[in-house]
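Heads up: the structure comes next, in structure tokens.
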Amino acid sequence: MLLRPRLSRGRGSIGRMRWGTVVAVPGLVALCVACTVGVPAAVEPMAVSGDPRPPGRAFQARVERVVDGDTFIAVRRGERLRVRLIGVDSPETVRPGYPVECWGPEASRLLTRTLPVDLRVTAAYQNGGRRDQYGRELWDVWLPDGTFVQGRLVRRGAAEAVAYEPQTDHADRLDQIERTARANDVGLWGAC
């Protein structure tokens, strides 16, 4: 329903517009904003309580581009590196010889929004090796506001928690987040 100003020359009007209209329109705008607050946002405003913090051995890197829902290209100390996020697996979108999986494009879009080009991130290796069998760097990654990227992906249903031995420092936390996402049919858990 479109609200139109009611014209009046009587008491309680501003010029020719009634006070009720002046109060109703901003009130409806505030109500619409309040209604969207409970809707999951595309980007969380800050780190989530309970997520791990970067360790003392963490380092800085710059995002060059996202490859898919769990892999991106970063630049560290002038070197271009292909990075695989530790402890998560997103649906496939670019793996040669494999079909695009359910919720793969959405997972890739979420990581692209989470890690925009030129974003400076904090990252760390875990004990047990710095590369996977495909030569990708294995990193835990945090946003400038302290958000644990893998936690965000699992929380949004864009990746499942998968413990790849021996890099399992955050496996329990990621499993806990996944259980909640599954129970609420978030992302791939509600769509696939």
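Each 10 Å bin from 0 upward holds the following percent of the Cα-Cα pairs of the range 59-191: 13, 46, 36, 5, 0.
Each of the peptides 112-121, 157-166 was scored by the mean count of other Cβ atoms within 10 Å over its residues; in descending order, highest first, they stand as 157-166, 112-121.
Read-outs: derived from the displayed coordinates by stated rules, not from any lab. As the structure is a prediction and not an experimental result, all values here were calculated from the model. When we count neighbours, we look across all protein chains shown, and the Cβ atoms used for this are built from the backbone with ideal geometry, even at glycine.
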